[in-house]
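See structure below.
The values are calculated or read from the model by the stated rules, or taken from the named source; none is laboratory data. Note that the coordinates shown come from a computational prediction; the quantities given were computed from them, not determined experimentally. Here the Cβ positions follow ideal geometry from the backbone for every residue, glycine too, while neighbour counts run over all protein chains shown.
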Amino acid sequence: MREASDAYFAEQDLISTWIAACCAIDKAYSQSSSELHRSWKKWVEDAGEHPGSNKAFSNSLEECGYKRKHTRDGNMFYGIALKPPEMTEEEAEARWWTRC
C-alpha cells in the first residue's frame, strides 16, 4: 500500500513540475489532451522517467483541478495551455519584421 502511495505522490510531483516548466495557467486557456500529453511524454522521457498512458496523464490533470471536455476537435483541457517555445533573439527580430 505504501509503495502505491509513494508512486502516486511521485507522479503528482512530476506533473506539478512539468506544469510549472511547460504550461501557462489561466481560465481563458485551453489545449488538446493529445498536445499536452505529447509535451508531457517528451519532458518525462528526457528526464529518464516513464510517461505512462494518455488516460493516466489525463486523470492526473483532472486530479490537479483542470477540467476535461470532449469536443468535436477531441478532448480538451481548460485552464491550461503549453507555453510557446522560446525563441532566440534573431528569431524574435525576424518575427518583428514579418509582422510589419
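Listed values, structure above:
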read-out	value
Residue match in the range 45-66 (condition: touching a Gly at 6+ places or on another chain (Cβ under 8 Å) and modelled with pLDDT of 95 or more)	yes
Residue that is farthest from the chain's Cα centre (by Cα), among those in the range 61-83 that are basic (Lys, Arg) and either surrounded by fewer than 10 Cβ atoms within 10 Å (Cβ to Cβ) or not in a strand (DSSP E or B) (or both)	Arg72
Failed criterion for Ala21 (all others in (1) part of a helix (DSSP H, G or I); (2) out of contact with any strand residue (DSSP E or B) (no Cβ under 7 Å at 6 or more places or on another chain); (3) modelled with pLDDT of 95 or more hold)	(3)
Leading residue by the ranking (farthest from Trp18 (Cα to Cα)) among those in the range 41-55 that are without any contact (Cβ under 8 Å) to a residue 24 or more places away in the chain and part of a helix (DSSP H, G or I)	Lys55
Any chance Ser39 is in contact with a Gly (Cβ under 8 Å, 6 or more places away or on another chain) and either modelled with pLDDT of 95 or more or farther than 23 Å from His70 by Cα (or both)	no
